[in-house]
Amino acid sequence: MKTPIKEIIELAKPMSITFHRAFDICLIQELELEKLIQLGVDRVLTSGAANKAVDGVD
């Protein structure tokens, strides 16, 4: 079964895929990052799990 994200990624190719800041609310980011890589995501836009990117620099 294809997930909605996988369908969107397949439709968008050959464009590069960036996953937006929804990643910041993932509880286990390392695991979710691996899933995104397996789905074909090229990059992740994140604020370092903070509300503002400047607060998540570390």
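Taken about its Cα centre, the chain carries a charge dipole of about 240 debye when Lys and Arg each add +1 at the Cβ and Asp and Glu each add -1 at the Cβ. Compute the length gained on full extension between Cys26 and Asn51: take 0.36 nm times their separation in residues and subtract their Cα-Cα distance, giving the result in nm to one decimal. The span from Cys26 to Asn51 would gain 7.7 nm if fully extended. Sorting 9-17, 37-45 by average packing, meaning the other beta carbons within 10 Å per residue, from highest down gives 37-45, 9-17.
Output the 0 to 90 degree angle, nearest 10, between the alpha-carbon long axis of helix 29-39 and the longest principal axis computed from the alpha carbons of the chain. Taking the Cα atoms of the chain, the angle to 29-39 is about 20 degrees.
Pairs of Cα atoms under 8 Å, at least six residues apart: use those to get the relative contact order of the range 1-50, whole percent. If you can, show how the numbers build up before the last one.
Numbers: 41 pairs, mean separation 23.4, N = 50.
Worked out over the range 1-50, it gives 47 percent.
Is the range 4-56 rounded, prolate or oblate when judged by the Cα gyration tensor, a ≥ b ≥ c being the square roots of its eigenvalues, rounded requiring a/c under 1.5 and prolate requiring a/b larger than b/c? It is prolate, given that a/c is not under 1.5 and a/b is the larger ratio. Counting lysine pairs in the chain whose alpha carbons fall under 24 angstrom apart, excluding pairs fewer than 8 residues apart on the same chain, gives 4.
Computed from the coordinates by the stated procedures, all read-outs in this text should not be read as laboratory data. Note that the structure is predicted; figures quoted are calculated from it, not measured. Cβ atoms come from the backbone with ideal geometry, glycine included; neighbour counts cover every protein chain shown.
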